[in-house]
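Derivation of every value follows stated rules applied to the coordinates shown; laboratory data play no part. Since we're looking at a predicted model, the values are computed, not measured. Reconstructed Cβ throughout: ideal geometry from the backbone, glycine too, with neighbour counts over all protein chains shown.
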Amino acid sequence: MAPPPPRPPGPGVEDPALDEPTAPVAPPPPKASQQGPATVTPTGAPTGAPPEAMAQQGEYLTTAQGARLRTTDHALKAGRRGPVLLQDHHLREKITHFDHERIPERVVHARGTGAHGVFVANGRAAKICRAAFLKKGVETPTFVRFSTVQGFRGSSDTVRDTRGFATKFYTSEGNYDLVGNNIPVFFIQEGIKFPDIVHAVKPEPDREIPQAQSAHDTFWDFVSLHTEAQAHVAWSMSDRAVPLSYRMMEGFGVHTFRLINDAGETSLVKFHWEPRQGVHSQVWEETQLTAGNDPDFHRRDLYDAIDAGAYPVWDLGVQVMPDTEDETFEGIDLLDPTKFVPEELCPVEIIGTMTLNRRPINFFAEVEQVMFNPGNLVPGIDVTNDPLLQVRLFSYIDTQITRLGGPNFNQLPINRAHCPVNDMFRDGFHQHAVHGGVTPYRPNSLDGGNPAEASEDSGAFIDVPQPVASGAKVRELSASFDDHFSQATLFVRSLSEVEREHLTRAYTFELGKCYEEAIRLRQLQCLANIDADLCAEVARGLGLPAPEPTVPPADVEPSPALSQVGGTWPVAGRKVALVVDADTDPTAVQAAKDAVTAAGMMAFVMAPSGGKLGDVVVDRTFLTAASIEFDSLLVVDAPAPAPDAVPLFDAKAGHARAGRPVDPRVAKLVAEMFRHFKAIGVASDATNVLTAAGVPEDAPGVVVGEPAAVVGKLAALLAEHRVWHRFGPVAEDSD
Ligand code: HDD
């Protein structure tokens, strides 16, 4: 029989556990890779305190007022067994603070991930733009937040969705925010419709489902009625909406912006971020498995890569177009945000490079509290009359008042400009600055006239004096906005065969999830106007008739630049799993690992259980890892089943097809990677894993040989991202 628990000490008896104060411990210094942005006051003066001094100070636990605390584990009570006293000021401050820890999540783009970086200009933009940060060789600190749009803050990373790509440049002339997406067109032409599209895509209001999905009635109801959305929808149904990682996404400023140079000449531009890592996506089944296996997949991937020193790099490019009176280029209305300009018509010129090299120190303080605003502009960059952009200029400041609790959000360290700020804004909730002087107005005589107004020569932001069209006030758009289908057609016809197949399945899947047949039929009508074959294929999948077009599909020239397939890309930072058994020779494992690392990729040793094999650390076990985590696989040794070690998996299933039995978790891993078009390497004496997984030894993208030699072939396959021809000319992913 177990001994009875010790009796609590009676009234007035000291509890020995309380008697021992804990030994003083200095706060942990921030890691070298995690320095915060320069800390300056909102008026630009250095605070004199390093960033970490804003957080934990001193060795002792204190109240918020700095009084040292005896304990934070026991409330003040009227006797050991008595009620808790209202008098306990520390208890109340602790619980009150906790009660208010959560802030409203972003109304869109709630789920996101951020990192610090640096942008280096190559100077090629200087001829079109006077911005100081675009002059040759200038280095500018940046902070980027990637996001999904539709889901809640706790939703999964790998849902089908547009991704946000928002960059803050802390320039010497003020903060410049490029608040873009990974898709170059937008759902709607006017900002006034933004609440409507967001209401339509968010979970339906009666049951609040589905989470982070567009595959439901209200979304398709909206986009089939507001047919201007069809181009963005086509991109959303493509592989672009299921990126493999944030590192492998393009970014687009979407709108056309107006740049002005030192000579006062203007041009119209579209911004592009081009990842050096290539533009790569997951296949559909992979996204679904990832959502369950690792909902934080994209966040983890970004931070793992930065920690491993595989810093992601993007080139910033511009398409430069003449600033003509009608603001069109090759017949494309540059003010219509549902249109993009094909690179074949206007090439992208690279003007600088951004490297993300630092994780946030504290996710809430930085990623959650960062705010972006398309109106954060610097001299040389101005907006256009794009009716979507114009409304954004209002929305982003307004939303922070609720989200960040008042008008002083620009004073938060992550949002502060790195140049002097002297703004005459005063007071308000959460005012951090101790403003001196008596004249937050100007002109004044009492503070010596400070602050002064700048001239163009002293760096003032001058709005481009663009003529405004005269005419009556109207709630209308120009006729060029009426073309809703031609760019969807252009996009669809530019895809490779495998991408086109994925697109068809995505439309069929999403519309198949709608309950209302009228909505499916209406969207099929839109597809008929985009591309008759696509419409017919989707209609067949839905078991519905394909309608005739109401507008004949446009006769467009495809843009090969839109396809993600057919090139080769660097393999640096790609992830390779090395499968070994519990008794594999550590020398062989180390040799395989060295070969993977030498090829610039990341190696993860995967074994039946954790610990070490000789001196080689086991990074993943068969229980903790999943195929979705890796880009490629090398079976160094075929692991036999170990039923005792796998209580969460039915070890009797799946391994007994033929040959030596194989751990079924490895057979599953290989089968999934095979279905997902991933390159698979197998040591010559481990081919029984292929048999167990039902994978033919001579299938495309399966390499058998000595592990070190196999690595080179895997790298070559990985450079093409996936083995798309594995299942014949048209790919068969398994959804
Ligand atoms: Fe927006 C957030 C991108 C149209 C209103 N938007 C937000 C973010 C990105 C974009 C990347 C996340 C910023 C962050 O990480 O904090 N939004 C776009 C793009 C658009 C666009 C590329 C079209 C080209 N947005 C748009 C319109 C409106 C908004 C038309 C309103 C009329 N967007 C917002 C917002 C958000 C936002 C509600 C939510 C949180 C925030 O701003 O700070 O104000």
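Would the range 575-719 count as rounded, prolate or oblate if I go by the C-alpha gyration tensor, calling it rounded below 1.5 in a/c and otherwise prolate when a/b exceeds b/c, oblate otherwise? It comes out oblate by the Cα gyration axes. Oblate is the label for the range 461-570, because a/c, from the alpha-carbon gyration tensor with a ≥ b ≥ c as root eigenvalues, is 1.5 or above and a/b does not exceed b/c.
Once you place label points 7 Å from the Cα toward the Cβ at Ile209 and Ala709, how far apart are they in nm? Here the modelled spin labels are 5.4 nm apart. Ellipticity at 222 nm from helices only: DSSP H runs of n ≥ 4 in the chain, each -39500 (n - 2.57), divided by the residue count, give -7000 deg cm²/dmol.
For the range 331-433, the Cα-based Rg and Dmax, in that order, read 17.6, 52 Å.
Sorted fewest first by neighbouring Cβ atoms within 10 angstrom, Arg153, Arg70, Arg475 come out as Arg475, Arg70, Arg153.
A DSSP coil position with no more than 16 other Cβ atoms inside 10 Å describes none of the chymotrypsin sites (Phe, Trp or Tyr not before Pro) in the range 567-636.
Annotation: for a label point projected 7 angstrom from Cα along Cα→Cβ of Ala561, residues of the range 186-214 with backbone N closer than 20 Å are 186.
Alpha carbon centre of the range 294-316 versus the range 466-544: separation in Å? Measuring centre to centre over Cα atoms gives 33 Å. Computed from the C-beta positions of Asn357 and His725 and an R0 of 56 Å, the FRET efficiency is 0.95 to the nearest 0.05. Legend: ranking of residues Cys129, Cys346, Cys535 from fewest to most surrounding C-beta atoms inside 10 Å; resulting order Cys346, Cys535, Cys129. Model label sites at Arg540 and Leu521, defined 7 Å from Cα along the beta-carbon direction, differ in position by 2.3 nm.
As a rough guide to protection, the peptides 252-260, 457-465 ranked by mean Cβ packing within 10 Å, highest first, stand as 252-260, 457-465.
Backbone amide hydrogens, once placed in the peptide plane, bring Arg358 within less than 5 Å of His116, excluding anything fewer than 5 places away on its chain. Considering only alpha-carbon pairs that sit under 8 angstrom and 6 or more positions apart, the relative contact order computed for the range 575-719 is 23 percent.
When the GluC sites (Glu not before Pro) in the range 324-377 are filtered for DSSP coil states and for at most 16 other beta-carbon atoms within 10 Å of their beta-carbon, the remaining sites are Glu325, Glu330, Glu343, Glu344.
You can think of it this way: the chain between Arg660 and Ser172 has 169.1 nm of extra reach, that is 0.36 nm per residue less the Cα-Cα gap. Of all lysines in the structure, the ones whose alpha carbon falls short of 29 Å from that of Lys513, not counting any fewer than 8 places away in one chain, are Lys193, Lys202, Lys339, Lys668, Lys678. For Val474 and His199, the FRET efficiency from 1/(1 + (r/R0)^6), where r spans their Cβ atoms and R0 equals 35 Å, is about 0.85. Note: relative contact order over the chain, using C-alpha pairs below 8 Å and six or more positions apart, is 12 percent. Extension gain for the segment His432 to Thr328, taken as residue separation times 0.36 nm less the Cα-Cα distance, is 32.8 nm to one decimal. Normalised by residue number, the volume inside the convex hull of the Cα atoms of the chain is 229 Å³ per residue.
Round to the nearest 0.05 the FRET efficiency obtained for Asp423 and His97 when R0 = 25 Å and r is the Cβ-Cβ distance. Efficiency computed from Cβ-Cβ geometry: 0.25.
The modelled label-to-label distance for the pair Ala23/Arg300, using points 7 Å beyond Cα in the direction of Cβ, is 3.5 nm. For the range 70-122, what class follows from the C-alpha gyration tensor (a ≥ b ≥ c being the square roots of its eigenvalues): rounded when a/c is under 1.5, otherwise prolate if a/b is larger than b/c, else oblate? Note, shape of the range 70-122 comes out prolate. This ranking places Thr96, Thr266, Thr63 by how few other beta-carbon atoms lie within 10 Å of each, fewest first, which gives Thr96, Thr63, Thr266.
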